[in-house]
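The values are calculated or read from the model by the stated rules, or taken from the named source; none is laboratory data. A quick note: this is a predicted structure, and the numbers were derived from the prediction, not measured. Note that each Cβ is placed from the backbone with ideal geometry, even for glycine, and that neighbours are counted across all protein chains shown. These accessible areas exclude ligands, DNA and RNA; they are computed on the full protein's heavy atoms, side chains included. Shrake-Rupley method; radii C 1.70, N 1.55, O 1.52, S 1.80 Å.
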Amino acid sequence: MFRKTSTSVIAITAVAALVSACGSGPGARGAGGSGGGGSRPGQLVFAAVPSEQTDNLQAAFAPITAALEKDVGVPVKFQAVASNAAVVEAQVAKRVDVAVYGAFSYYLARSRAKVEPVAVPLQAPEGDPGAYAYGVTRGNDTSVTSLKDVKGKDICFTDPGSTTGYLQPLASLKEAGVDAAKDAKSVFTKGHDTAVASLLAGDCDIAFVGDVFIDQLLPARGQLKPGQVRKVWTSPLIPGPPVVVGSWLPKDVKDKVTRSVTGLTATGAASAGLCKGKEIKGPAPWKRYAGATACPLGSSNAWTFITASDQTYAPIARICEITKAEVCTSGD
């Protein structure tokens, strides 16, 4: 589990660096700019967290920040921040106006920072606004066919703070009558790709990972071949990482941010020249747009965004109710 003290120190150190970088940015507007009807910001600070799904975070978000500059009418300063916790702390300090971070981090942030989710990524034109966790075994292993079979087995999880790689699987295991702490041996591999690698190496009997790694990323990288793993479990839909705005922004600015983000599509952004020289080819799940010239929209290469609200993230509260995980209160 996370150690609260070390996590807090890391977050404070990271946010101090962010505050310094932002200088006299939006968070320093003073009392007149701190409410929903506050003064119009001279710039927006947009923050995101590095992901193992992308090598160039700023380029991945450049089409979004470019659209925001055009639609909101102010400069947008991009900040890559070391951790979800650091972004939350920066929003508590009103130093980051718009941010993208994990669904679980938003669940923790909403009780501390005056923020609200306005959009959630849609990974494919006919997709769902979120992700799924998979439980996978080696392709030739038939000893696990359901979560009930995990009792007495070795489990590869990703990280204690990962919703797809740990928290949702932990909740679903408990609902299936398996206490991962008592009924199985667990190892944290620190990443989705390393969880799959550990499974294939025989270090565990089942690995829990995000669907995008099994369906797209690892096969595309040549790190997973057909038949190497077998999917034995799929989670309920887990809401994707929200676009979160500070409630201190004037309503018209928040509305423009929402319209700007939800008005983008990956192919439309490319047609508008928002990622010249950084275009990607649409992945297979985009179906009729597979292979089309597109822009990356965030670290997960979303197709577009749809509107979101606090209710969108109710499943995260349920996970906490079931697991009683320490991380559920580590942001308090």
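For A180, indicate whether it is buried (at least 17 other Cβ atoms within 10 Å of the Cβ) and farther than 16 Å from V229 by Cα. Before you say what the answer is, go through the steps one by one.
On the way: buried (at least 17 other Cβ atoms within 10 Å of the Cβ): yes; farther than 16 Å from V229 by Cα: yes.
In short, yes.
With the requirement that a residue be crowded, with 24+ Cβ neighbours inside 10 Å and either of a type in the set (K, R) or touching a strand residue (DSSP E or B) at 6+ places or on another chain (Cβ under 7 Å) (or both), what does the range 104-114 give you?
Within the range 104-114, Y106, A109 qualify.
Quick one: how many residues across the range 308-327 are in a helix (DSSP H, G or I), farther than 28 Å from V261 by Cα and without any contact (Cβ under 8 Å) to a residue 24 or more places away in the chain?
Matching residues across the range 308-327 total 1.
Please find, among G210, G240, the residue that is in contact with a His (Cβ under 6 Å, 6 or more places away or on another chain) and either open to solvent by less than 10 Å² (accessible area, probe 1.4 Å) or free of Cβ contacts under 8 Å to residues at least 60 places away in the same chain (or both). Break it down stepwise before answering.
Numbers: G240 fails: in contact with a His (Cβ under 6 Å, 6 or more places away or on another chain).
Being in contact with a His (Cβ under 6 Å, 6 or more places away or on another chain) and either open to solvent by less than 10 Å² (accessible area, probe 1.4 Å) or free of Cβ contacts under 8 Å to residues at least 60 places away in the same chain (or both) holds for just one of G210, G240, which is G210.
So which residues in the range 292-307 are open to solvent by 40 Å² or more (accessible area, probe 1.4 Å) and assigned to a loop (DSSP other than H, G, I, E, B)?
Within the range 292-307, the first condition is being open to solvent by 40 Å² or more (accessible area, probe 1.4 Å), and the residues that meet it are 293, 301, 306-307.
Within the range 292-307, N301 is the sole residue that qualifies.
Looking at the range 81-92, I want the residues that are in contact (Cβ under 8 Å) with a residue 40 or more places away in the chain and have a partner that is of a type in the set (K, R) and not in a loop (DSSP other than H, G, I, E, B) with Cβ atoms under 6 Å, at least 6 apart or on another chain. Which pairs are those?
Filtered contacts from the range 81-92: no entries.
Residues checked against (1) part of a loop (DSSP other than H, G, I, E, B); (2) open to solvent by 10 Å² or more (accessible area, probe 1.4 Å); (3) touching a Ser or Thr at 6+ places or on another chain (Cβ under 7 Å); (4) not hydroxyl-bearing (S, T, Y):
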residue: G127; (1), (2), (3), (4): yes, yes, no, yes
residue: G135; (1), (2), (3), (4): no, no, no, yes
residue: N140; (1), (2), (3), (4): yes, yes, no, yes
residue: S143; (1), (2), (3), (4): yes, yes, no, no
residue: K148; (1), (2), (3), (4): no, yes, no, yes
residue: G152; (1), (2), (3), (4): yes, yes, no, yes
residue: I155; (1), (2), (3), (4): no, no, yes, yes
residue: P160; (1), (2), (3), (4): yes, yes, no, yes
residue: G165; (1), (2), (3), (4): no, no, yes, yes
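Does K190 fit the bill of being part of a helix (DSSP H, G or I) and either surrounded by fewer than 16 Cβ atoms within 10 Å (Cβ to Cβ) or at pLDDT below 95 (or both)?
Details: part of a helix (DSSP H, G or I): no; either surrounded by fewer than 16 Cβ atoms within 10 Å (Cβ to Cβ) or at pLDDT below 95 (or both): yes.
No; evaluated as a whole, the condition is false for this residue.
Scan the range 179-200 and report the pairs whose first residue is touching a residue at least 60 places away in the same chain (Cβ under 8 Å) and whose second residue is open to solvent by 50 Å² or more (accessible area, probe 1.4 Å) and part of a loop (DSSP other than H, G, I, E, B), with Cβ atoms within less than 7 Å and a gap of 6+ or a chain change.
Once the first residue is touching a residue at least 60 places away in the same chain (Cβ under 8 Å) and sits in the range 179-200, its partners that are open to solvent by 50 Å² or more (accessible area, probe 1.4 Å) and part of a loop (DSSP other than H, G, I, E, B) give G191/E52; H192/E52; D193/E52; D193/Q223; L200/Q228.
For the range 193-228, enumerate the residues that are outside any helix (DSSP H, G or I) and under 24 Å from the mean Cα position of the chain (by Cα).
Residues of the range 193-228 outside any helix (DSSP H, G or I): 201-210, 221-228.
Of everything in the range 193-228, those that are outside any helix (DSSP H, G or I) and under 24 Å from the mean Cα position of the chain (by Cα) turn out to be I206, A207, F208, V209, G210, R221, G222, Q223, L224.
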